[in-house]
Amino acid sequence: LLEVLFEAGEHRSAEELATAVQGRAPDVHISTIYRNLEDLQELGVIVHSHLGHGPATYQLASLAHGHFICEACGATLEAPDELFRGLADTVRAKLGFSIDPHHFAMLGLCMGCQELTRLG
Ligand SMILES: [Zn+2]
Ligand SMILES: [Zn+2]
Ligand SMILES: [Zn+2]
């Protein structure tokens, strides 16, 4: 499973990963794959994130990163961690809360869609 995760790269749903694993090892039961995903998450090897309305996607913890998603056209922008650093510090200082910018995507409007809204 890890091998498949490495090859598949990021943003794979549990279903996609299960299909990929079964492509290589047809006798592995799908529930085993889901259980392994859970185990790997508990070990901190992989993480999942929610990108908009689709199913959660999995990736190696070492590749975890944030996302901005356009609510109008669905475009996904990768969000480097530096962008959240100031926000994370402010939130921790004011509320004592430690944010995880990777778990959920931030929703908004991409440049193109803002343009369209302006032109109306
Ligand atoms: Zn979650
Ligand atoms: Zn857009
Ligand atoms: Zn990404």
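The values are calculated or read from the model by the stated rules, or taken from the named source; none is laboratory data. From a predicted model like this one, the values you see are computed outputs, not experimental measurements. With ideal geometry, Cβ positions are generated from the backbone for all residues, glycine too; neighbour counts draw on all protein chains shown.
When the residues of the stretch 81-118 are narrowed to those that are among the aliphatic types (A, V, I, L, M) and within 16 Å of ligand 2 (Cβ to nearest atom), which ends up farthest from Thr57 (Cα to Cα)? Looking at the filtered set, the residue picked out is Leu116. Only residues that are outside any helix (DSSP H, G or I), within 16 Å of ligand 1 (Cβ to nearest atom), small (Gly, Ala, Ser) and modelled with pLDDT of 90 or more were counted across the stretch 13-61, and they come to 4.
If only one of Leu1, Leu43, Leu5 is over 24 Å from Cys110 (Cα atoms) and within 15 Å of ligand 3 (Cβ to nearest atom), which one is it? Outline the logic, then answer.
Details: Leu1 fails: within 15 Å of ligand 3 (Cβ to nearest atom); Leu43 fails: within 15 Å of ligand 3 (Cβ to nearest atom).
Matching residue, one of Leu1, Leu43, Leu5: Leu5.
Only one entry in Leu119, Leu77, Leu60 is over 17 Å from Ala14 (Cα atoms) and touching a strand residue (DSSP E or B) at 6+ places or on another chain (Cβ under 8 Å), namely Leu77. Taking (1) more than 16 Å from the chain's Cα centre (by Cα); (2) exposed (fewer than 13 other Cβ atoms within 10 Å of the Cβ); (3) not charged (D, E, K, R) in turn, Ile30 satisfies each apart from (2).
Quick one: would you say Phe84 is touching a residue at least 40 places away in the same chain (Cβ under 8 Å), farther than 14 Å from Leu5 by Cβ and surrounded by 14 or more Cβ atoms within 10 Å (Cβ to Cβ)? No; evaluated as a whole, the condition is false for this residue.
Taking the stretch 92-115 as the range and being over 22 Å from the mean Cα position of the chain (by Cα) and either free of Cβ contacts under 8 Å to residues at least 12 places away in the same chain or surrounded by fewer than 13 Cβ atoms within 10 Å (Cβ to Cβ) (or both) as the test, the residues that pass are Arg92, Ala93, Lys94, Leu95, Gly96, Gly112, Gln114, Glu115.
Considering only residues that are outside any loop (DSSP other than H, G, I, E, B) and among the aliphatic types (A, V, I, L, M), look in the stretch 62-76 and name the one that is nearest to ligand 2 (Cβ to nearest atom). Steps first, please.
Start the filter on the stretch 62-76 by keeping residues that are outside any loop (DSSP other than H, G, I, E, B), which leaves 62-63, 66-70, 76.
Applying the additional criterion that residues be among the aliphatic types (A, V, I, L, M) yields 63, 69.
Numbers: Leu63: 24, Ile69: 9 Å.
Across the stretch 62-76, the extreme among qualifying residues is Ile69.
Within 14 Å of ligand 3 (Cβ to nearest atom), of a type in the set (A, V, I, L, M, F, W, C) and under 12 Å from the mean Cα position of the chain (by Cα), is that true of Leu83? Break it down stepwise before answering.
Numbers: within 14 Å of ligand 3 (Cβ to nearest atom): yes; of a type in the set (A, V, I, L, M, F, W, C): yes; under 12 Å from the mean Cα position of the chain (by Cα): no.
So Leu83 fails the test.
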